[in-house]
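Undergrad: Here's a structure for you.
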Amino acid sequence: MIALASCEVDGTANPQGAQDHRQLSTTTPKLPFSNTFPNRWNDANNGTSYEPCTAVDSTIARLTDVDILSVHDAAAVDHQTARGCVWTYRDDKAWAVTQIVGNSASLEVYRREQQAFKWRGDMFFNGRKTLVSEISASACATHVQSGSAGISTIAQYDSLPTPSIDEICSRAIAFTKATIDKMPP
């Protein structure tokens, strides 16, 4: 369901001109991997300045029990719509959480476009509306609007037997609550 690629930081500018603020700025954190995709930031995911890969620090990792050193790029190809990262959990490597950005007009438009998901009741964290969806029996996601992009946090368990969907959703919700204050409105 989620393609992954792992790398290290190289800090090179994008020759095609796409704005990868996290690679070009000297005041923002560098990506925790080498960006091999010159169009990682592109017109399909540039609706917010939020960068999931640099938002997770040691405090958030400790609060959510993710292994901060397990971080890797969620992108599998250049110019991918989804921009973000994947982490595994310290307690059980079958658990993973992915946080990705993709442009979206609104949460309601996103919900209408994703009719295959089982939608749970909306939640609010620090005044921010958050949608919650069951993607499958082993994956649950939250969705937050940031500028003209949606930020999705997907918790999943990749082994059998699968924990309850409530437990899976609770991890997606916890990760969202831990990072939502870093997401621009």
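Undergrad: At what distance in nm do the modelled label points of ASP122 and THR59 sit from each other, each positioned 7 Å from its Cα along Cα→Cβ?
TA: Simple spin-label model gives 2.9 nm for this pair.
Undergrad: Determine, from the Cβ-Cβ distance of ASP181 and VAL77 and an R0 of 41 Å, the FRET efficiency 1/(1 + (r/R0)^6), rounded to the nearest 0.05.
TA: It comes to 0.85.
Undergrad: Kindly state, to the nearest 0.05, the FRET efficiency for ALA137 paired with VAL109, given R0 = 45 Å and r defined as their beta-carbon distance.
TA: 0.95
Undergrad: Same structure, new question: Give, in whole angstrom and from largest to smallest, the semi-axes √(5λ) of the equivalent ellipsoid of the range 120-185, with λ running over the eigenvalues of the Cα gyration tensor.
TA: Value: 23, 10, 10 Å, ordered largest first.
Undergrad: Give me the number: length gained by fully extending SER148 to ALA94, i.e. 0.36 nm times residue separation minus the C-alpha to C-alpha distance, one decimal in nm.
TA: Contour length minus the Cα-Cα distance gives 16.2 nm.
Undergrad: Same structure again: Hey, with R₀ at 30 Å, roughly what FRET efficiency would ASP166 and SER70 work out to, going by the Cβ-Cβ distance, to 0.05?
TA: For R0 = 30 Å, the calculated efficiency reads 0.80.
Undergrad: From the square roots a ≥ b ≥ c of the eigenvalues of the alpha-carbon gyration tensor of the range 52-182, which class results: rounded (a/c under 1.5), prolate (a/b over b/c), or oblate?
TA: rounded
Undergrad: Tabulate in residue order the Karplus-calculated ³J(HN,Hα) for the range 132-148, using 6.51 cos²θ - 1.76 cosθ + 1.60 with θ = phi - 60°, rounded to whole Hz; enter x for Gly and Pro.
TA: 10, 9, 8, 7, 7, 5, 10, 8, 9, 9, 10, 9, 10, 7, 9, x, 9
Laboratory data are not the source of any read-out in this text; all were calculated from the coordinates shown. Quantities reported herein were computed from a predicted structural model and do not represent experimental measurements. We place every Cβ from the backbone using ideal geometry, glycine too, and count neighbours over all the protein chains shown.
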